[in-house]
Amino acid sequence: MDKKTKDLMPPGLSYMADNIITKHNILGAARGAGAKWAEGLNLPRQSETVFFAGCGYQFSSDLESLMSLIRKMDKSAIGSDIPMGLAGLQKKIGVDFAGMYRKISARDKDKAGQPLKDAVNVLRGLGIDFGYMADDEPCCGGLLHYIGLQNEFGQNARNTYEIFKNSGVKRIIGIVPSCTYTLRDLLPLYIDGFDLEVKHFLEVVLEGIGSRELRFPRQVKVTYHDPCQLSRYLGLIEEPRQILRSIKGIELVEPEWTSGEWSTCCGGGGGFEAVFPELSEILSVNRTKELLETGADIIVTHCPGCIMQIKNGLKILKRDDVEVLDLAQVVAMAMGV
Amino acid sequence: MKKMSTFSEYRKEIMDAAHNERVGIALSRAIKSYRSNTDNALKKFPDSAKMAEEVRQIKEKSIGEMEKLAEQACEAIESNKGKAYIAKTSADALNIIGELVGTGKLIVKGKSMTGEEIGLREHLEEKGNEVYETDLGEFIIQKLGSKPMHITSPAIHVPREDVAQLFSKITGEQLPPDIETLVATARRLLRDKYFEADIGMSGANVISAQTGTMFLIENEGNIRLATGAPPVHIALIGMEKLVPSFGDACKVAEVTWRYANYTVPSYVSLISGPSKTGDIEKVTTYGAHGPKELHVIFLNDGRTELAKHPVLRQALYCLRCGGCLYECPVFAVTAGHFGDKYFSANGAVWAATISHNLEKAAAVAYTCLTCGRCKVRCPVDIDGPAMIINLRKMIAGQE
């Protein structure tokens with residue numbers, strides 16, 4: 001990135017962009033740190049169909065800690081009028097991000113990967129044959145596109161495509177909405193003759209589920225929060241609802257005005273939460289309030305970013321009586337896998 | 001101390017707004033009623049969506065031929081015995097209007113975002129004129145010394161208690177925070193000004209190039225009075241408001257008010273030339289009951305340049321219905337602070353391309369969530385996130 005770019009691009013974004021470019025993940029974590037969730041699942045590393053885990057779920061506990069730290073700084077005097085990158089801030093106040101990742105307990109790490117494990121079990125339960133590239137999985141680089149670094153995105157897109165091709169991948173099952181959209185809709189813009197079939201987990205589930213009986217362990221009132229990238233970008237609005245409605249024990253309730261294509265963003269999108277941490281928190285509270293108005297016991301959504309934001313919203317509103325679950329977890333529970 | 005950067009200043013401004021509970025309350029009420037009114041209006045007139053698609057096509061075509069349409073409109077207005085001008089820059093527009101107005105005049109003004117864009121009121125006041133904003137919201141803004149926070153409802157962030165306080169100060173009376181009393185007070189304060197004014201000023205929502213007819217949509221009736229009572233009417237119109245025919249303009253007008261949450265507005269004024277009569281011996285005489293003079297200034301100021309950009313040109317399709325703003329989660333807590341002269345995505349494009357303020361454009365562009373709900377609402381399908389991402393690319397020096 002040239003100097004002009006760094007000058008005009010808000011703090012936080014250039015840091016994440018550098019991480020993608022140099023470390024192949026948003027957080028700059030060491031290679032292989034993310035794939036730990038899949039240990040013990042015995043997924044083949046090579047397969048024509050691969051499950052694409054993305055950064056979001058794997059690093060969700062890291063992201064949560066990082067965001068809570070950034071928010072604290074944003075509310076203090078440090079964040080308010082010294083525009084600087086996270087890297088600069090790290091130097092100034094002596095925060096060791098890398099060390100912080102290590103400090104996150106193994107238990108939290110486990111929880112972080114849960115939706116991914118559940119998704120894998122659901123797909124297996126449906127008899128789908130697939131692999132997982134683990135630490136060979138490339139970063140989709142989507143964030144680079146959203147923050148305006150199209151040249152870097154293009155470069156990353158070509159590398160990513162090559163990695164898939166070299167390991168013989170033909171079909172991808174994505175789960176993080178943003179990664180899936182990037183792989184399905186943005187990559188082809190930069191690659192001639194793009195021929196990977198990209199589907200979202202929900203589409204695969206809906207095709208495979210047929211007339212299988214699904215039952216949630218208890219009787220619950222559920223509301224569904226549409227992630228922007230899943231509804232307005234990927235166009236998957238009816239699919240999650242069809243799945244939820246087919247599960248016995250679940251009563252689906254919708255917020256007034258703000259569901260489906262009209263759903264309100266959780267406040268974390270395109271790197272926004274890193275540029276405006278406190279504003280992002282205010283937006284998460286607003287969205288959480290809309291969802292709580294439905295009187296639901298469980299808020300179900302299907303995006304690691306949304307989960308983090310809504311959890312934080314509930315925490316601020318002191319509503320520990322309401323649970324946030326990923327749709328993959330809900331389906332796994334209903335299938336008993 | 002080092003001067004705060006544009007980004008820091010802007011960030012402080014939007015965070016102050018986000019922490020202001022009154023802004024949040026005023027907006028959440030406004031959003032609720034906007035959604036239910038619009039829902040109602042669209043149900044009552046189910047053809048609106050189809051008409052909106054037609055309008056998108058009309059705008060797409062018109063934006064590509066603004067120069068031709070402006071010339072055509074000028075010809076039509078001149079043949080209607082009005083005077084028409086094309087201002088290349090905002091400075092040119094201010095000069096033209098400044099010369100027409102002169103100094104020491106009393107001016108009544110209808111609300112105009114194009115006027116706001118070039119600082120028209122301030123310019124005329126500096127030249128020693130007395131200017132009254134006559135739209136209630138804009139009048140409040142003027143008296144508060146603030147800036148509009150929404151396209152169609154400029155004082156959207158000011159609750160009634162604050163208005164009562166303001167009007168009490170102006171009148172020297174103790175006014176209660178009762179909306180009806182406040183509206184009556186504004187009427188009383190402005191009533192005589194229309195008839196004392198030397199000049200009435202307005203913008204326009206859309207203008208037909210073939211006939212030179214401008215359409216002015218309103219509910220209060222202030223535009224009728226301001227453009228009808230004084231002896232001179234001056235209209236400042238951005239070139240993006242031009243469409244080929246009268247029929248096209250009708251469609252644009254209807255779609256504009258429908259998505260601005262109205263089934264139908266109380267008033268639509270159509271003005272093509274100065275007031276005239278031939279009632280005595282069929283001799284055409286100008287200045288019967290309405291203005292004797294009509295001056296129309298078309299503002300380019302970078303619009304024809306912007307029209308050449310494949311993605312950002314969409315900003316020129318905007319009908320200024322304000323619907324997108326009610327759907328924006330950031331706008332819901334910051335109001336018009338999320339913007340520059342215009343708001344959200346369009347505001348960012350305007351800052352970068354028309355105002356050439358890339359720093360401000362960057363600050364606004366990175367405040368967008370790219371969540372895309374604005375696009376779902378937009379009658380002409382403007383892709384806010386696509387424009388924002390394109391701007392970011394520009395900011396990153398990759399275009």
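A few notes on this one:
- Partner shielding of A:273-280 amounts to 4, given as the average count of beta-carbon atoms from other chains within 10 Å of each residue beta-carbon.
- Note on region A:148-255: with charges restricted to the Cβ of Lys and Arg (+1) and Asp and Glu (-1), its dipole about the Cα centre is near 460 debye.
- When the trypsin sites (Lys or Arg not before Pro) in region B:1-70 are filtered for DSSP coil states and for at most 11 other beta-carbon atoms within 10 Å of their beta-carbon, the remaining sites are B:LYS2, B:LYS3.
- Beta bridges by DSSP in the protein assembly as shown, antiparallel share as percent, to the nearest 5: 20
- 10 Å Cβ neighbours from other chains, averaged over peptide B:384-396: 5
- Contact order normalised by residue count of chain B, Cα under 8 Å, 6+ apart, percent: 22
- Panel note: the C-alpha atoms of region B:122-267, placed on their principal axes, show extents of 51, 36, 23 Å (largest first).
- In region A:253-337, trypsin sites (Lys or Arg not before Pro) in a DSSP loop with at most 13 other beta-carbon atoms within 10 Å: A:LYS318
- Each residue in A:LEU149, A:LEU236 was given a count of other beta-carbon atoms within 10 angstrom of its own, and listing them fewest first yields A:LEU236, A:LEU149.
- The GNM of chain B, with springs linking C-alpha atoms under 10 angstrom apart, assigns the highest mean-square fluctuation among B:SER36, B:SER355, B:SER48 to B:SER36.
- Helix screen, chain B: DSSP H segments with Cα axial length of 15 Å or more and mean Kyte-Doolittle hydropathy at least -1.0 are B:6-19, B:21-44, B:48-64, B:66-79, B:90-101, B:160-171, B:179-196, B:246-259, B:384-395.
- Fewest neighbouring Cβ atoms within 10 Å first, the residues B:LEU144, B:LEU190 line up as B:LEU144, B:LEU190.
- Rounded Å value of the spacing that divides the Cα centres of region B:173-247 and region A:262-337: 46
- Along the axis of the charge dipole computed for region B:271-328 (Cβ charges of +1 for Lys and Arg, -1 for Asp and Glu, origin at the Cα centre), the listed residues B:PHE298, B:ALA315, B:TYR286 are led at the positive end by B:ALA315.
- For chain B, cysteines whose Cβ has no other cysteine Cβ within reach (under 4.7 Å): B:CYS74, B:CYS250, B:CYS318, B:CYS321, B:CYS328, B:CYS368, B:CYS378
- The magnitude of the dipole of chain B, with charges of +1 and -1 set on the Cβ of Lys/Arg and Asp/Glu and taken from the Cα centre, is near 740 debye.
- Listed residue pairs exceeding 26 Å between alpha carbons, taken from A:LYS199/B:LYS61; B:LYS32/B:LYS393; B:LYS88/B:LYS111; A:LYS221/A:LYS311: A:LYS199/B:LYS61; B:LYS32/B:LYS393
- DSSP-defined antiparallel bridges as percent of all bridges, region B:180-306, nearest 5: 45
- Charge dipole of the protein assembly as shown about the Cα centre (unit charges at C-beta), most positive-ward option of B:TYR267, A:ALA53, B:ALA229: A:ALA53
- Those trypsin sites (Lys or Arg not before Pro) in region A:154-226 that DSSP places in a loop and that have at most 15 other beta carbons within 10 Å: A:LYS170, A:ARG212
Computed from the coordinates by the stated procedures, all read-outs in this text should not be read as laboratory data. Small disclaimer: the values here were computed from a predicted structure and weren't measured. All Cβ positions, glycine included, derive from the backbone under ideal geometry; neighbour counts span all protein chains shown.
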